[in-house]
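Chemist: Structure below; questions to follow.
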Amino acid sequence: MGSSEIFVVVMITAVVMVLAAIIIGWLLAPKSKNAQKGEPYECGIPTRGTSWLQFRPGYYLFALLFLMFDVETVLLFPWATITKTLGPNGILAILFFLLILVLGLAYAWKKGALEWK
Amino acid sequence: MLEVGGILSWIHEALSSSCPEWLTLLIEYVLIGVGFLALYALIALILILLERKVCAYYQCRLGPMRAGFWGLLQPFADMIKILMKEIIPLLKNDKFLFFTALFLVIIGSLCTFGALQFSKDLVGIDFNVGVFYVLAISSLGVLGILLAGWSSNNKYTMIGAMRAGAQLVSYELSSGLSLLTIVILGGTMQLSGLIEAQSETWFLFQTPFTWIAMVIYLIAGHAETNRGPFDLPEAESELTAGYHIEYSGITFGLFYVGEYVNMFTIAGIGTMVFLGGWQPFHINAEWAAGFNGVMDMIPTWLWFFAKAFGLVMLSLWVRWSFPRLRIDQLLHLEWKILMPISLLNMLLMALWVTVLVPLFA
């Protein structure tokens, strides 16, 4: 039996598990109606306005930086599997790629993008 | 002897001799699903009890003692109680995304759990790009957490989800780079291949750089489970409960279970790539043949679970010993300390395998 088949089976199992849990919970639990119960819970004080609003940009900055380095990791994986066979030449080749990325990190560092303001 | 492989092949033989081929396949699929589900639930129950007991002993309490002997039935009581609680119908949330988030978190958690290799024969998902698969599928959880916080339409969940997103994506880099270091050493991305390469000596004892990679992996993995000093996303004293405030009843319970099993999964993957997975401890010398023979008599699944639960205990120890970090300290730790160290460590490991090892071989 191949891994792909087991993967699909496990994924379906996860979906079935969540569905079954919700249905069992819905069947077993008591239900009562109350207009205030459905309000967002903010420690008892009625909520003001919507929560879907503009958010501080610091979080997005880190998401962008993450994207850059995550793609880097993806590109490094094929090299990592054959480092032994490539030998020192492989390291020299990948050093150039890494240098550009480290420069990127150094630039972000210098510009203060890694500070939380 | 005490291995499960015999049972599995016996089931396969019995099924294929008595049923047509399609029925055998179907029954086996259902058995695999039920098996993973049972193991998943069992580990969640064990971890919930373990967490409460360990926490209690760190604080000089006894923890749950009433339900069953030494409180052993407490997680079952918790589970039944949480199933009996109402799933509150909310008025202002985005219903579709609200439930999609739950599915994403559990799919991410269970599919990563499925990649663990519990013993020599009990292997679930074993792709040839196994390490990459683990990194990719575990990121589904971040998506679920962000969606959960956003779709709840609550300011606290929003802040919690944003913090969780920043924290999880940042620490994913370090854990990815330390796994990459191991891929360089092992020369393959397949998890079973990596374990096979550790049959004589575990990776931990092969190079000094593995130790650095393991420490970084454990810190990053601990942060990825939103626990211990890194529990900003659900800082109960400032955000009530973080991204899952609006989830009630069993929908909250699933988040809780997913988080606990993720802790075990992180420990399990750490075990597989650093501590040799199910490989017994061997001393690679002439005089230690008797010792190695004794170690081989311990069943492989026991080795795996012992190592994995050892790492889980380490994680609990850290959790109950350190105060919570602030978000700027958290990001400072990742981007300015762990990240440069792990990049350098990866490069040094590459130099080790290509230059130093051939030089002395």
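Readers should treat all values here as calculations from the given coordinates under stated rules, not as data from a laboratory. Predicted model, so just to flag it, every value in this text is computed and none were measured. Because the Cβ atoms are built from the backbone with ideal geometry, glycine has one as well, and the counts that use them run over all protein chains shown.
Chemist: Take A:Lys37, project a point 7 Å from its Cα along the Cβ direction, then tell me which residues of region B:75-108 have their backbone nitrogen under 12 Å from it.
Modeler: Taking a point 7 Å out along Cα→Cβ of A:Lys37, the residues of region B:75-108 whose backbone N falls under 12 Å are B:85-91.
Chemist: OK, next. Can you order the peptides B:171-183, B:281-293 by their average number of other Cβ atoms within 10 Å per residue, highest first?
Modeler: Highest mean packing first, the order is B:171-183, B:281-293.
Chemist: Next up: List the lysines whose alpha-carbon lies under 22 Å from that of B:Lys307, not counting same-chain residues fewer than 8 positions away?
Modeler: Within reach: B:Lys53, B:Lys120.
Chemist: Using alpha carbon coordinates only, what is the Rg to Rh ratio of region B:100-179, with Rh defined as the Kirkwood radius?
Modeler: Computed over Cα atoms, the ratio is 1.07.
Chemist: Now for a separate question. Rg to Rh for chain B: what is it, with Cα atoms only and Rh by Kirkwood?
Modeler: Result for chain B is an Rg/Rh of 0.99.
Chemist: Using only C-alpha atoms and all pairs of different ones, pull out the Kirkwood radius for region B:81-121 in Å with one decimal.
Modeler: 13.1 Å
Chemist: So what is Rg over Rh here for region B:1-141, counting just Cα atoms and using Kirkwood for Rh?
Modeler: With Rh from the inverse mean 1/r over Cα pairs, Rg/Rh is 1.05.
Chemist: Taking a cut-off of 24 Å between Cα atoms, list the lysines near B:Lys92, but don't count ones fewer than 8 places away on the same chain.
Modeler: A:Lys31, A:Lys33, A:Lys37, B:Lys155
Chemist: Related question: Sort B:Tyr243, A:Tyr59 so the one with the fewest other Cβ atoms within 10 Å of its own Cβ comes first.
Modeler: Starting with the residue having the fewest Cβ neighbours, the order is A:Tyr59, B:Tyr243.
Chemist: Shifting gears a bit: Under a point-charge model restricted to the Cβ atoms of Lys and Arg (+1) and Asp and Glu (-1), what is the dipole moment magnitude of region B:140-267 relative to its Cα centre, in debye to the nearest 20?
Modeler: So the magnitude is around 160 debye.
Chemist: Quick one: which of B:51-64, B:90-103 comes out on top by average Cβ neighbours within 10 Å, and what's the full order, highest first?
Modeler: Highest to lowest by the protection proxy: B:90-103, B:51-64.
Chemist: Next up: Order by neighbour count: A:Met68, B:Met263, B:Met158, fewest other Cβ atoms within 10 Å first, most last.
Modeler: The order, fewest Cβ neighbours first, is A:Met68, B:Met158, B:Met263.
Chemist: Something else about it: Considering every residue in B:353-361, what mean count of other chain Cβ atoms within 10 Å of its Cβ is obtained?
Modeler: Average neighbour count from other chains, rounded to a whole number: 2.
Chemist: Moving on. Hull surface divided by four, with the convex hull built on the Cα atoms of region B:195-275: how many nm²?
Modeler: If I average the Cα hull's projected area over directions, I get 6.3 nm².
Chemist: If the reach is capped at under 20 angstrom between alpha carbons, list the aspartates and glutamates near B:Lys81, excluding any in the same chain fewer than eight residues apart.
Modeler: Partners found: B:Glu51, B:Glu246, B:Glu259.
Chemist: Quick one, can you get me the convex hull of the C-alpha atoms of chain A expressed as volume per residue in Å³?
Modeler: Value for chain A: 203 Å³ per residue.
Chemist: Could you list A:Tyr107, B:Tyr133 in order of exposure, starting from the residue whose Cβ has the fewest other Cβ atoms within 10 Å?
Modeler: A:Tyr107, B:Tyr133
Chemist: Moving on to the next point. log₁₀ I(q)/I(0) of region B:183-324 at q = 0.13, 0.17 Å⁻¹, via Debye over equal Cα point scatterers, no solvent, to two decimals?
Modeler: Normalising to I(0) and taking log10 leaves -0.68, -0.98.
Chemist: How shielded is A:80-91 by partner chains, expressed as the average number of their Cβ atoms within 10 Å of its Cβ atoms?
Modeler: Mean inter-chain Cβ contacts per residue within 10 Å come to 6.
Chemist: Now, a different point. Per residue of B:156-164, count partner chain C-beta atoms within 10 Å of its C-beta, then hand back the mean as an integer.
Modeler: Averaged over the peptide's residues, the number is 3.
Chemist: Okay, moving on. With N residues in region A:58-102, what two-decimal value do you get for its Cα radius of gyration over 2.2 N^0.38 Å?
Modeler: Scaled against compact globular proteins, the figure is 1.39.
Chemist: Same structure, new question: At q = 0.07, 0.13 Å⁻¹, what is the log10 ratio I(q)/I(0) for the protein assembly as shown, with the Debye formula run over Cα points and no solvent?
Modeler: Those come out to -0.40, -1.34, one per q.
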